[in-house]
Amino acid sequence: MVATASKVPALIVFGDSSVDSGNNNYIQTVARSNFRPYGRDLGGGSPTGRFSNGRLTTDFLSEALGLPRLVPAYLNPNMSIAEFASGVCFASAGTGYDNATSDVLSVIPLWKELEYFKEYREKLKSFQGEAKAQETLSEALYVMSLGTNDFVENYYVLPHRPSQFTVAEYEDFLVGIAEEFVRSIYKLGARKVELTGLPPMGCLPLERVKINPILRGCYEEYNKVAWDFNIKLQKLVDNLNQNLAGIRIVYGDVYDILFDAVQNSSSYGFENVMVGCCGTGLFEMSYMCNRRSPFTCSDANKYAFWDSMHPTERLNNIIADKLMNTTLHVFL
């Protein structure tokens, strides 16, 4: 991906493990990846807390925008406001739109990510001055990437939400939270927002093996839920663009990109899309994917998935490249 001159001075990230660059390293949770083989293909091979063998989609987006190659985690005590001024990540692996989802693995809920952003906003004003900080905040690109955990960790696993909502009602509930969050960051200065949709959840290795351990085809019911949810998100994007003066919000389609990569793997150069690189690739993620995993592949570039849920660095790069060429070019 070639970096380009843009009007975006900073990349500000909210979400889950798809974009968490290491915040969970600094909280008490089992949802961590700050150990090998995570990060083995990133720089010197040091794990950073990213759920991949290397960089995340947001890291590639940052570089493409002419910003640093890595988006720093806000809770990293070794980073300063000077470094956060051009990019910062508030995401937490395991979280969701629903507060109940973040409770499952004791991670940072979305409302807390917003509180951290407010704190960051004040630090930025002290560092850059009021006028410059307001300009940075209004010209920055805000990326939101979450929602998968609300279904695969919460709704389809635990009894509480299904007893309250049908799946369609739960989708509406989550979209309502997404709307409230966008309106909140809008009031705090956000004007350029990318709202990422769900991937085809039924094609994740973890879900494939749970539904049919022999054939391991994509689970169509989960894919349909993701598809339906994404349609509702797109309607929300249209509504917010019409009702919030001066905002430019776009929908980030990762469903089609990932589904195409899985269905037409050879055209992307992937030799395996059914399991992850780490361990058997069926169940392993977080602490189950570790340096003692005996079957971890030697070349992650041949795999679409690094562990049982998360893309390899190569697939993250493909996703970022597609987003830059389709959705995010409007911000250049």
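The values are calculated or read from the model by the stated rules, or taken from the named source; none is laboratory data. Values in this document were obtained by computation on a predicted structure and should not be read as measured data. Using ideal geometry, Cβ is built from the backbone for each residue, glycine included, and neighbour counts are taken over all protein chains shown. When the accessible area is computed, the model is the full protein with side chains, heavy atoms only, and any ligands, DNA or RNA have been set aside. Shrake-Rupley method; radii C 1.70, N 1.55, O 1.52, S 1.80 Å.
If you check every pair at least six apart or on different chains, which have Cβ atoms under 6 Å apart with a residue in region 218-231 that is within 11 Å of Ala168 (Cβ to Cβ) and without any contact (Cβ under 8 Å) to a residue 40 or more places away in the chain first and a residue that is open to solvent by 50 Å² or more (accessible area, probe 1.4 Å) and of a type in the set (Val, Ile, Thr) second?
none
Table: residues versus (1) surrounded by 20 or more Cβ atoms within 10 Å (Cβ to Cβ); (2) part of a loop (DSSP other than H, G, I, E, B).
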position	(1), (2)
Asn154	yes, no
Val157	no, yes
Ala178	yes, no
Ile185	yes, no
Pro199	yes, yes
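Out of (1) touching a Cys at 6+ places or on another chain (Cβ under 8 Å); (2) open to solvent by 10 Å² or more (accessible area, probe 1.4 Å); (3) modelled with pLDDT of 95 or more, what's the single condition that is false for Pro37?
(3) is the only condition that Pro37 fails.
Among the residues in region 113-133, are any over 23 Å from Asp307 (Cβ atoms), modelled with pLDDT of 95 or more and not in a helix (DSSP H, G or I)?
Yes, some residue in region 113-133 is over 23 Å from Asp307 (Cβ atoms), modelled with pLDDT of 95 or more and not in a helix (DSSP H, G or I).
Any idea which residue in region 273-314 is most open to solvent (accessible area, probe 1.4 Å), counting only those that are modelled with pLDDT under 70 and touching a Leu at 6+ places or on another chain (Cβ under 8 Å)?
Phe283
Among the numbered conditions (1) assigned to a helix (DSSP H, G or I); (2) within 30 Å of Glu130 (Cβ to Cβ); (3) of a type in the set (Gly, Ala, Ser), tell me where Ala168 comes up short.
Status for Ala168: all satisfied but (2).
Just give me the residues in region 315-329 being in contact with a strand residue (DSSP E or B) (Cβ under 8 Å, 6 or more places away or on another chain) and surrounded by fewer than 23 Cβ atoms within 10 Å (Cβ to Cβ), in sequence order.
Thr327, Leu328
Give region 49-67 a look and list any residue that's free of Cβ contacts under 8 Å to residues at least 60 places away in the same chain and under 16 Å from Val143 (Cα atoms), or say none.
Of everything in region 49-67, those that are free of Cβ contacts under 8 Å to residues at least 60 places away in the same chain and under 16 Å from Val143 (Cα atoms) turn out to be Ser62, Leu67.
To keep it simple, each residue is scored yes or no on (1) closer than 26 Å to Lys322 by Cα; (2) in contact with a strand residue (DSSP E or B) (Cβ under 7 Å, 6 or more places away or on another chain); (3) assigned to a helix (DSSP H, G or I); (4) open to solvent by less than 10 Å² (accessible area, probe 1.4 Å).
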residue	(1), (2), (3), (4)
Gly54	yes, no, no, yes
Asp59	yes, no, yes, yes
Glu63	yes, no, yes, no
Val71	yes, yes, no, yes
Asn78	no, no, no, no
Thr95	yes, no, no, yes
Asp103	no, no, yes, no
Ser106	no, no, no, no
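Quick one: in region 138-152, of everything that is in contact (Cβ under 8 Å) with a residue 60 or more places away in the chain and assigned to a helix (DSSP H, G or I), which residue is farthest from Glu220 (Cα to Cα)?
Restricting to residues being in contact (Cβ under 8 Å) with a residue 60 or more places away in the chain and assigned to a helix (DSSP H, G or I), the top hit is Glu139.
Counting just the residues of region 42-64 that are closer than 19 Å to Asn78 by Cβ and among the polar types (S, T, N, Q), which one comes out farthest from the chain's Cα centre (by Cα)?
Ser46
Checking the structure you have, find out if any residue of region 189-212 is acidic (Asp, Glu) and over 19 Å from Ser92 (Cα atoms).
Yes; the residues of region 189-212 include at least one that is acidic (Asp, Glu) and over 19 Å from Ser92 (Cα atoms).
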